[in-house]
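Shown next, in structure tokens, is the structure this report addresses.
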Amino acid sequence: MSSRSPILFSNKLIELESSLAKPIYLLSNNEFPFFDTSHSNNIFNSMSLINLNSVKDFEKKINEKVEFQRFRANFYIDGIEALEERSWIGKIIKIKNVSFKVEKNIPRCVAINLKPQTDDNSLNLLRSLRKNYNHFDMGVYLTALEDGKIEIGNKIEVIK
């Protein structure tokens, strides 16, 4: 593979993305919903939550801009202390009227090294996580305990 192949592929993806019919809507998919995990992760049908203040803390420690999109979460939250979500493991949180069990920390993979919408992988964020926190985790897995609708701006409450 030539050194130009990743650039050409990236450009083609951007071209294809811009050719999609607009507008794009978020739809419910009850038959095949999207989850971050399966039985291979020892937890079932979970979603990911990233605390934006944890990402900001990481940025400060490594003195680099870290796009929160690198962590590809289902939920991004703000308004709590950096790394506070780690203390929620084993607890129930409620977003609007939907309860979630906080299952475990999310061990990250090399995908976080890739800057969104580019082929730039010059930052080794895995190594930086390990060096600064002595682990490879960022975010937590949630399992929904009931069906419901949540929206941007809904408050999070730690139940127990």
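The values are calculated or read from the model by the stated rules, or taken from the named source; none is laboratory data. A quick note: this is a predicted structure, and the numbers were derived from the prediction, not measured. Ideal geometry is used to build each Cβ from the backbone, glycine not excepted, and the neighbour counts take in all protein chains shown.
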*Where residues in the range 80-107 are small (Gly, Ala, Ser) and touching a residue at least 12 places away in the same chain (Cβ under 8 Å), which of them is farthest from Gly139 (Cα to Cα)?*
Ser99
*Scan the range 120-153 residue by residue and report those that are in a loop (DSSP other than H, G, I, E, B), more than 16 Å from the chain's Cα centre (by Cα) and crowded, with 16+ Cβ neighbours inside 10 Å.*
Leu123
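Scan the range 81-96 for residues that are closer than 25 Å to Ala111 by Cβ and out of contact with any Asp or Glu (no Cβ under 9 Å at 6 or more places or on another chain) and report the count.
Counting residues in the range 81-96 that are closer than 25 Å to Ala111 by Cβ and out of contact with any Asp or Glu (no Cβ under 9 Å at 6 or more places or on another chain) gives 3.
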*Of the numbered conditions (1) surrounded by 16 or more Cβ atoms within 10 Å (Cβ to Cβ); (2) without any contact (Cβ under 8 Å) to a residue 12 or more places away in the chain, Phe75 fails exactly one; give the number of that condition.*
(2)
*Positions within the range 87-104 being surrounded by fewer than 18 Cβ atoms within 10 Å (Cβ to Cβ) and assigned to a helix (DSSP H, G or I), in sequence order*: Ser87
*Which of the following residues is at pLDDT 95 or above, within 22 Å of Lys160 (Cβ to Cβ) and out of contact with any Cys (no Cβ under 8 Å at 6 or more places or on another chain): Ile92, Ile80?*
Ile92
*In this structure, does Asn63 turn out to be on the phi > 0 side of the Ramachandran plot, out of contact with any strand residue (DSSP E or B) (no Cβ under 8 Å at 6 or more places or on another chain), surrounded by fewer than 18 Cβ atoms within 10 Å (Cβ to Cβ) and free of Cβ contacts under 8 Å to residues at least 12 places away in the same chain?*
yes
